[in-house]
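Visitor: The structure is given below, and queries will be raised subsequently.
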2 protein chains.
Amino acid sequence: MSIVTRRVPEALQAAGLDHYAADYGGSVHELDVELGRAPAPEDLIDLTHGDTRAFTPPPYAEASLRDAVQENTEAYTPYRGSESLRRRLAPRLGALLGRGVDPLGELIITPGTQGGLFAALSALVGRGDVVAIPDPDYFMSERIVAYLGARAVRMPLAVAPDGRLSLAEPGLAAAAEANLLLFSHPNNPTGGVYAAEAIDAIAEYVAAGDRLAIVDQLYCRQLFTGANFRHLAALPGMAERTVTLIGPSKTESMSGYRVGVAVGPPEVVDGMERVLGMASLRTTGYSQQTLRRWMESDADWIAQRAAAHEALRDELLARLRAIEGLTVASPLGSSYVFPDATGTAWGRANPAPRGNALAVALKRAGVLINPGYQFGLGAPAAFRINFSQDAERLVAAVERIGSVLGG
Amino acid sequence: MSIVTRRVPEALQAAGLDHYAADYGGSVHELDVELGRAPAPEDLIDLTHGDTRAFTPPPYAEASLRDAVQENTEAYTPYRGSESLRRRLAPRLGALLGRGVDPLGELIITPGTQGGLFAALSALVGRGDVVAIPDPDYFMSERIVAYLGARAVRMPLAVAPDGRLSLAEPGLAAAAEANLLLFSHPNNPTGGVYAAEAIDAIAEYVAAGDRLAIVDQLYCRQLFTGANFRHLAALPGMAERTVTLIGPSKTESMSGYRVGVAVGPPEVVDGMERVLGMASLRTTGYSQQTLRRWMESDADWIAQRAAAHEALRDELLARLRAIEGLTVASPLGSSYVFPDATGTAWGRANPAPRGNALAVALKRAGVLINPGYQFGLGAPAAFRINFSQDAERLVAAVERIGSVLGG
């Protein structure tokens, strides 16, 4: 019998970001596989995502799910999600985003914010397109753009120590050829929040170039003192040019339900629904209903959760900054920090780090992080921590990190 | 302000199956939109999917979900799904499919069988590929193939009155150029089961041409008297060439949990995991755990459910065949029948029906069905019924159908 010839389709090959192989010592996909196989002690502390037992979901989630299963009327929904649910959510989303939201035309329930990102990009981007993305930004963004046969133009971020973001010169001028702008806000992986003027400049760039924007605002309700968050979709003329992605997977620790929402122009939502129909028909029917009470009179709950993370942030930053030479901006939102080890003893011993050099060393010491290369080209000695963790485990993790970086 | 220029990406445009527009009077996507907008009475009976209140999920589903939410240990799983769950499922799937299943390499948990189909095709098919698909077959199959830039070669099915299937001449010889074979078994929309010799011929075609096969076996556990179902993956040399898709969405009425599984060669499962990672990260974490007890000592439950549907099938067929000129094969499995109205009074009055002519008339009369064009080119006057319904509503639906077709 012949051996089956299995060719990886061109699109999937491109999604591995082969074009970074020379810089990194392997495609991003190859490096991911390598890191996955690297050895680790038994008590590995995983900082690549939050701990949903340290910060549990709000009680309504479980109750709404139980009700949905027992009612059993919405196992099948329209591909874009339950209509009654969209009607409930539209006014709450409108209040959050500062724009009107038509529940029938402008809103779609997605399989997490990731599902929204994939559907939005698939509905808007094709072969030969150019998409502007800050550097660093969410590790899946450039992969999906490459998967769709498009090219990313990365725009280096300027991250102030207090977490305020702007685009470094030449900024948007470097992305004149792009027809779409994609960014996370608060920024993943730095937790930074864009300055008001930066968002205004983005709006001008979008409008002037007849462009569209996709904004991943997954963490836009977990903000810290002084964040002054500005919603792009609220600016004049932006509602019809912006797809905003959001969901309860992070702040509400509801990732296990795999639900999110996207708000955007009706034609884009139509396209997203077609993509979702092919990819998985619809967001999990019963899980959709965990959104029934999402964002309903929860200001106190959100404030408490944000305050708890702000306190954790402060303690974490103090400990990270005690590691000699480690630099880290203070996030203004999210559960992420993105420290840079260039100035540490480890950094001096590894002056041109590539690929997983740091991540493998940290994993061997018992801490799993997201390596800098996943987020762009600009921070080869940086790594992302999700600090939505049990406080003691977080302290233990930083001790291990210090033992690797300290020299 | 300028109007935003929104171009539908080439891939999404292709997924609408524009190339059938001349035959149908519109692309398949345009016809779907048209049917969605067609008027209907308030008490529309929807026969496009099963009624999960008429046939409810097994009790373990709700119990397993509740446990998973309360344990709260698997909100985040590997993209291919919970490892402990895959270890539980592998022996059960191995027994069903008649092949060994490695839980780490050969098994992936998917967002329903649809999610498995999208991931499998995306992992194997790229621009310029050719995929062989019977006609009729599942309405999403050719769309996804076209979305991926590939071309489908349709092979007309021969459906015997007793539901036994074979490929009509020239059969597989017409698909010599294809590098992948995709088919549903039992067949969606006819409910037919392939003759043993037809499956043997498929195995030979796959092996001889160094091809792969994707088999959507969603309904392979809801079989009727005399079905004699043969699993392709069980044949010599086929385990490493076959991706088998299955899940509890239909027989177990668990579509609202959006879970399924795929079993295939490790390299294909690796690719599927990459696609799933981009499309939605993973199958809904808590929902995955509804599979904990799936296929566990459930022979009696399955036999009862199949017998209930076989009885419904017999009653439905008798009523459908009482409509003058309506022809319909008896399904050997699934909850589908695919009657053809060519010989009815309606068919005589509409000798060359196109697009939604019949579907719109039936919808106006209060019955929603899937029109024949969704499944291929061969049956423009046929329509699919899912008969997993409340018995009285099914009778009422057939009366309405008779009123449209009877003349």
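Visitor: For residues in region B:179-202 being open to solvent by less than 10 Å² (accessible area, probe 1.4 Å) and in a helix (DSSP H, G or I), which is nearest to residue B:155 (Cα to Cα)?
Guide: B:202
Visitor: Tell me, which residue of region B:123-144 that is in a loop (DSSP other than H, G, I, E, B) and facing chain A (nearest Cβ under 7 Å) is most open to solvent (accessible area, probe 1.4 Å)?
Guide: B:127
Visitor: Which condition number does residue B:158 fail, the rest of (1) open to solvent by 30 Å² or more (accessible area, probe 1.4 Å); (2) under 20 Å from residue B:336 (Cβ atoms); (3) part of a loop (DSSP other than H, G, I, E, B) being met?
Guide: Against the list (1) open to solvent by 30 Å² or more (accessible area, probe 1.4 Å); (2) under 20 Å from residue B:336 (Cβ atoms); (3) part of a loop (DSSP other than H, G, I, E, B), residue B:158 comes up short only on (3).
Visitor: Under 6 Å by Cβ, and 6 or more places apart or on different chains, what pairs join a residue from region B:240-265 that is under 18 Å from residue B:284 (Cα atoms) with one that is open to solvent by 10 Å² or more (accessible area, probe 1.4 Å) and assigned to a strand (DSSP E or B)?
Guide: Short answer, once both residue conditions are applied: B:245/B:216.
Visitor: Among (1) assigned to a helix (DSSP H, G or I); (2) more than 10 Å from chain A (Cβ to nearest Cβ); (3) under 20 Å from residue B:144 (Cα atoms); (4) open to solvent by 10 Å² or more (accessible area, probe 1.4 Å), where does residue B:279 come up short?
Guide: (2)
Visitor: Do we have any residue at all in region B:358-380 that's assigned to a strand (DSSP E or B) and farther than 26 Å from residue B:27 by Cα? Let's see the steps before the verdict.
Guide: From region B:358-380, those assigned to a strand (DSSP E or B) are B:367-368, B:370-371; that's our starting set.
After this cut, where a residue has to be farther than 26 Å from residue B:27 by Cα as well, the list is none.
Taking every residue of region B:358-380 in turn, none turns out to be assigned to a strand (DSSP E or B) and farther than 26 Å from residue B:27 by Cα.
Visitor: OK, next. Is region A:326-344 home to any residue that is in a loop (DSSP other than H, G, I, E, B), within 14 Å of chain B (Cβ to nearest Cβ), modelled with pLDDT of 95 or more and under 24 Å from residue A:104 (Cβ atoms)?
Guide: Filtering region A:326-344 down to residues in a loop (DSSP other than H, G, I, E, B) leaves A:326, A:328-332, A:334-335, A:338-339, A:341-344.
In the following step, the residues that additionally are within 14 Å of chain B (Cβ to nearest Cβ) were identified as A:335.
From what's left, modelled with pLDDT of 95 or more: A:335.
Those left that are additionally under 24 Å from residue A:104 (Cβ atoms): none.
No, region A:326-344 has no match at all.
Visitor: Identify the single condition in (1) open to solvent by 30 Å² or more (accessible area, probe 1.4 Å); (2) over 30 Å from residue B:144 (Cβ atoms); (3) not acidic (Asp, Glu) that residue A:274 does not satisfy, given that it satisfies every other one.
Guide: Of the numbered conditions (1) open to solvent by 30 Å² or more (accessible area, probe 1.4 Å); (2) over 30 Å from residue B:144 (Cβ atoms); (3) not acidic (Asp, Glu), the odd one out for residue A:274 is (2).
Visitor: I need a count of the residues in region B:72-90 that are surrounded by fewer than 24 Cβ atoms within 10 Å (Cβ to Cβ), without any contact (Cβ under 8 Å) to a residue 24 or more places away in the chain and not hydrophobic (A, V, I, L, M, F, W, C).
Guide: Summing the residues that are surrounded by fewer than 24 Cβ atoms within 10 Å (Cβ to Cβ), without any contact (Cβ under 8 Å) to a residue 24 or more places away in the chain and not hydrophobic (A, V, I, L, M, F, W, C) in region B:72-90 gives 5.
Visitor: Read through the list (1) outside any helix (DSSP H, G or I); (2) free of Cβ contacts under 8 Å to residues at least 12 places away in the same chain, then give the number of the only condition that residue B:392 fails.
Guide: Going through the list (1) outside any helix (DSSP H, G or I); (2) free of Cβ contacts under 8 Å to residues at least 12 places away in the same chain, residue B:392 breaks only (1).
Visitor: Any idea which of (1) touching an Asp or Glu at 6+ places or on another chain (Cβ under 7 Å); (2) farther than 22 Å from residue B:270 by Cα; (3) free of Cβ contacts under 8 Å to residues at least 40 places away in the same chain is the one residue A:54 doesn't satisfy?
Guide: Checking residue A:54 against (1) touching an Asp or Glu at 6+ places or on another chain (Cβ under 7 Å); (2) farther than 22 Å from residue B:270 by Cα; (3) free of Cβ contacts under 8 Å to residues at least 40 places away in the same chain, the one that fails is (3).
Visitor: Given the conditions (1) part of a loop (DSSP other than H, G, I, E, B); (2) within 20 Å of the chain's Cα centre (by Cα), which single one is not true for residue B:120?
Guide: (1)
Visitor: Tell me which residues, restricted to region A:13-27, are under 22 Å from the mean Cα position of the chain (by Cα) and either within 11 Å of chain B (Cβ to nearest Cβ) or over 21 Å from residue A:354 (Cβ atoms) (or both).
Guide: A:14, A:15, A:16
Visitor: In addition: Could you list, in sequence order, all residues of region A:282-310 that are among the hydroxyl-bearing types (Ser, Thr, Tyr), surrounded by fewer than 24 Cβ atoms within 10 Å (Cβ to Cβ) and either in contact with a helix residue (DSSP H, G or I) (Cβ under 9 Å, 6 or more places away or on another chain) or closer than 19 Å to residue A:117 by Cα (or both)?
Guide: Result: no residue meets the conditions.
Visitor: While we're on this one: Just to check your reading of the model, which residue among A:93, A:97 is more than 14 Å from chain B (Cβ to nearest Cβ), open to solvent by less than 10 Å² (accessible area, probe 1.4 Å) and out of contact with any helix residue (DSSP H, G or I) (no Cβ under 6 Å at 6 or more places or on another chain)?
Guide: Values: A:97 fails: out of contact with any helix residue (DSSP H, G or I) (no Cβ under 6 Å at 6 or more places or on another chain).
Matching residue, one of A:93, A:97: A:93.
Visitor: Then there's this: Kindly indicate the residue of region A:51-65 that is charged (D, E, K, R) and within 7 Å of chain B (Cβ to nearest Cβ) and also farthest from the chain's Cα centre (by Cα) among those meeting that condition.
Guide: Filtering first and then ranking leaves A:62.
Visitor: Could you check how many residues of region A:216-257 are closer than 20 Å to residue A:86 by Cβ and open to solvent by less than 10 Å² (accessible area, probe 1.4 Å)?
Guide: Residues that pass the stated criteria total 14.
Visitor: Going by what's in this entry, would residue B:48 be described as of a type in the set (S, T, N, Q), within 11 Å of chain A (Cβ to nearest Cβ) and over 30 Å from residue B:382 (Cβ atoms)?
Guide: Spelling it out, it is not the case that residue B:48 is of a type in the set (S, T, N, Q), within 11 Å of chain A (Cβ to nearest Cβ) and over 30 Å from residue B:382 (Cβ atoms).
Visitor: Another question about this same structure. Go through (1) within 27 Å of residue A:177 (Cβ to Cβ); (2) under 19 Å from the mean Cα position of the chain (by Cα) and name the single condition residue A:237 misses.
Guide: (2)
Visitor: Say we look at region B:35-45 and pick out the residues that are more than 14 Å from chain A (Cβ to nearest Cβ) and not aliphatic (A, V, I, L, M); which of these is farthest from residue B:396 (Cα to Cα)?
Guide: Per the stated criteria, the residue is B:39.
Rundown of residues vs (1) charged (D, E, K, R); (2) out of contact with any Lys or Arg (no Cβ under 7 Å at 6 or more places or on another chain); (3) under 26 Å from residue A:154 (Cβ atoms), yes/no style:
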{"position": "A:322", "(1), (2), (3)": "no, yes, no"}
{"position": "A:328", "(1), (2), (3)": "no, no, yes"}
{"position": "A:333", "(1), (2), (3)": "no, yes, yes"}
{"position": "A:339", "(1), (2), (3)": "no, yes, yes"}
{"position": "A:350", "(1), (2), (3)": "no, yes, yes"}
{"position": "A:354", "(1), (2), (3)": "yes, yes, yes"}
{"position": "A:371", "(1), (2), (3)": "no, yes, yes"}
{"position": "A:382", "(1), (2), (3)": "no, yes, yes"}
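Visitor: Still on this structure, I have one more. Condition first: within 8 Å of another protein chain (Cβ to nearest Cβ), farther than 27 Å from residue A:58 by Cα and not in a loop (DSSP other than H, G, I, E, B). Now tell me which residues in region A:236-261 satisfy that.
Guide: A:240, A:241
The values are calculated or read from the model by the stated rules, or taken from the named source; none is laboratory data. Predicted, not measured: the structure shown is a model, and the values here were computed from it. Counting neighbours? That spans all protein chains shown, and the Cβs are built from the backbone with ideal geometry, glycine included. When the accessible area is computed, the model is the full protein with side chains, heavy atoms only, and any ligands, DNA or RNA have been set aside. Shrake-Rupley method; radii C 1.70, N 1.55, O 1.52, S 1.80 Å.
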